[in-house]
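For reference, the structure discussed in these notes is given below.
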Amino acid sequence: MRRNIIVQSFTLLALLFYCTSCNSKKTIDSMKEDSLFVWQPALTAPIYYPIEAKYAHVMVGTDMKISMGDTNVGYGVGNGFSTVDFSEGQGGLEIPTGLDVLWLSFAEKKYYHLKQRFSKSVQERLLRLFQKGYNHGESHYDCFVVTLLPGGKIWLSVSGLVHNTLVCDSLQAEETNMALQDFDKDYYNAFETLDSLCVVGLSSSKGALENLKKNGVPVGLWDKYAVRYPYDIKITFEDSKAMLKSESAWASDIDADATCYFPTGELYELKSYRGVQERAALKKFIFSWCVGDASFHGEFFFDEGEILKAYPEVFGDAGQMNPGELNIEVSKYNNLFKISLVSGTKRYQLQNTKIHVFKRHVDETDFNAQIIYNNHREINSKNIHFIGE
């Protein structure tokens with residue numbers, strides 16, 4: 001499938017402006033022309049539900065549009081991969097203010113269109129996030145991600161290194177009727193029918209055809225992903241000598257920080273969001289710990305069906321939620337794990353989490369690491385996916 005990079009000429013001129021600092025108290029109404037940020041636009045869709053966009057333009061400021069480079073996408077929800085390269089040396093842009101996109105959903109064989117300026121609240125949230133950054137202001141968002149979902153839903157995110165924040169999950173495109181030759185003449189000449197094109201489009205994403213046969217298009221699934229629950233994430237060790245690597249003498253190692261991954265595409269280091277926080281259900285969790293001179297690295301892949309059932313059972317439904325915890329208990333010998341959701345008197349022990357753990361001595365390289373626990377030998381980690389991620 002084609003991958004095009006189109007940047008309108010007046011956008012490139014705008015990038016020559018110098019990127020100046022921003023007052024954190026600015027709002028959309030008071031924002032000045034010098035409120036510029038270095039960011040890139042990215043278009044994506046769920047891995048098993050890829051799409052092709054006829055066009056995808058991000059509105060910037062009041063009179064500018066950027067054409068997204070990659071229009072045949074299925075990188076995953078919130079995955080901020082951009083083929084449009086705007087470097088810091090080129091200056092900055094104002095915040096995204098709207099979206100104009102027309103796309104074909106291969107799984108649904110439907111066209112969707114949205115042309116809309118973002119609400120004031122969305123624009124102000126984007127402004128705050130670009131100004132504030134993350135990791136206590138030490139890092140900054142550099143990608144604005146548009147995720148196109150089945151049913152015409154659109155999610156907006158901003159991302160940076162090991163960090164992704166969902167900004168808006170309420171945009172809704174309209175289904176539209178059009179002939180394939182009007183969508184793309186080349187595709188019409190090559191495939192003749194929409195059915196043929198969509199089969200090829202799905203085939204370009206590994207597992208998409210098989211997933212469609214098994215799961216269909218569960219349009220309401222992403223609404224479940226977006227539900228946020230008030231909970232903390234805690235790790236406890238039976239061995240009193242064990243400690244998180246981030247709190248040890250090896251805290252500077254690249255794998256030291258515990259990282260949370262969510263089906264909304266959000267991800268962040270746990271240290272940035274300690275305590276009870278409004279979070280989506282956890283999709284994957286990675287953390288490292290030390291016992292003496294031994295270092296352990298664990299990766300936990302939560303079961304989609306189990307967490308979508310357990311979280312509302314423990315924390316409650318929307319409007320009636322109670323705070324709680326996700327507890328991970330590590331055994332004395334670092335090879336058994338008990339994972340529970342707890343809120344008040346409610347407790348749900350998760351049984352279907354896929355886990356593997358590596359062990360090495362702190363003076364050894366990763367090449368010397370040994371697998372000491374793996375309960376999913378039948379499936380490689382890279383092939384573990386949620387249906388709609």
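Looking at the structure I just gave you, is residue 232 touching a strand residue (DSSP E or B) at 6+ places or on another chain (Cβ under 6 Å) and closer than 24 Å to residue 281 by Cβ? Spell out the reasoning first.
Values: touching a strand residue (DSSP E or B) at 6+ places or on another chain (Cβ under 6 Å): yes; closer than 24 Å to residue 281 by Cβ: yes.
Here the answer is yes, as residue 232 does meet what is asked.
Please specify each residue of region 364-379 satisfying the condition of being of a type in the set (A, V, I, L, M) and not in a loop (DSSP other than H, G, I, E, B).
At the first step, the residues of region 364-379 found to be of a type in the set (A, V, I, L, M) are 369, 371-372, 379.
Within region 364-379, 371, 372 meet the criteria.
Select, from 329, 325, 313, the only residue that is over 14 Å from residue 300 (Cβ atoms), in a strand (DSSP E or B) and in contact (Cβ under 8 Å) with a residue 12 or more places away in the chain. Give the derivation first.
Details: 329 fails: over 14 Å from residue 300 (Cβ atoms); 313 fails: in a strand (DSSP E or B).
Exactly one residue qualifies, and that residue is 325.
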Kindly list the number of the only condition in (1) without any contact (Cβ under 8 Å) to a residue 24 or more places away in the chain; (2) in contact with a strand residue (DSSP E or B) (Cβ under 6 Å, 6 or more places away or on another chain); (3) surrounded by fewer than 16 Cβ atoms within 10 Å (Cβ to Cβ); (4) of a type in the set (S, T, N, Q) that fails for residue 335.
(1)
Do you know which residues across region 224-245 are under 21 Å from residue 332 (Cα atoms) and either hydrophobic (A, V, I, L, M, F, W, C) or at pLDDT below 90 (or both)?
233, 235, 237, 242, 243, 244
Output the number of the condition that residue 235 fails; it satisfies all remaining conditions of (1) in contact (Cβ under 8 Å) with a residue 40 or more places away in the chain; (2) outside the structural domain of residue 327 (by TED's automatic domain parsing).
(2)
Go through (1) charged (D, E, K, R); (2) modelled with pLDDT under 95; (3) assigned to a strand (DSSP E or B); (4) within 28 Å of residue 203 (Cβ to Cβ) for residue 52 and report which single condition fails.
(2)
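If I ask for residues that are surrounded by fewer than 18 Cβ atoms within 10 Å (Cβ to Cβ) and not small (Gly, Ala, Ser), which ones from region 270-284 would you list? Break it down into steps so the answer makes sense when it comes.
Initially, region 270-284 is screened for residues surrounded by fewer than 18 Cβ atoms within 10 Å (Cβ to Cβ), giving 271-278.
271, 273, 274, 276, 277, 278 - these are the residues of region 270-284 that are surrounded by fewer than 18 Cβ atoms within 10 Å (Cβ to Cβ) and not small (Gly, Ala, Ser).
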Could you grab the pairs with beta carbons closer than 7 Å, sequence gap of 6+ or different chains, first residue in region 272-288 and more than 18 Å from residue 310 (Cβ to Cβ), second one of a type in the set (Lys, Arg)?
288/245
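Yes/no per residue for (1) closer than 18 Å to residue 44 by Cβ; (2) buried (at least 19 other Cβ atoms within 10 Å of the Cβ); (3) in contact (Cβ under 8 Å) with a residue 60 or more places away in the chain:
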site	(1), (2), (3)
101	yes, yes, yes
112	yes, yes, yes
119	no, no, no
130	no, yes, yes
133	no, no, no
139	no, no, no
148	yes, yes, yes
164	yes, yes, yes
179	no, no, no
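Results for (1) out of contact with any helix residue (DSSP H, G or I) (no Cβ under 7 Å at 6 or more places or on another chain); (2) aromatic (Phe, Trp, Tyr), shown as yes or no for each residue.
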position	(1), (2)
277	yes, no
288	no, no
303	yes, no
308	no, no
333	yes, yes
341	no, no
346	no, no
354	yes, no
In region 232-261, which residues are part of a strand (DSSP E or B) and surrounded by 17 or more Cβ atoms within 10 Å (Cβ to Cβ)?
232, 233, 235, 237, 242, 244, 259, 260, 261
Looking at region 300-319, which of its residues are closer than 15 Å to residue 261 by Cβ and surrounded by fewer than 18 Cβ atoms within 10 Å (Cβ to Cβ)?
303
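Among the residues of region 216-230, is there at least one that is within 30 Å of residue 363 (Cα to Cα), loosely packed, with under 13 Cβ neighbours inside 10 Å and outside the structural domain of residue 140 (by TED's automatic domain parsing)?
Within region 216-230, the first condition is being within 30 Å of residue 363 (Cα to Cα), and the residues that meet it are none.
There is no residue in region 216-230 that is within 30 Å of residue 363 (Cα to Cα), loosely packed, with under 13 Cβ neighbours inside 10 Å and outside the structural domain of residue 140 (by TED's automatic domain parsing).
The values are calculated or read from the model by the stated rules, or taken from the named source; none is laboratory data. The model shown is predicted, which means the values in this text are computed figures rather than measured ones. Counting neighbours? That spans all protein chains shown, and the Cβs are built from the backbone with ideal geometry, glycine included.
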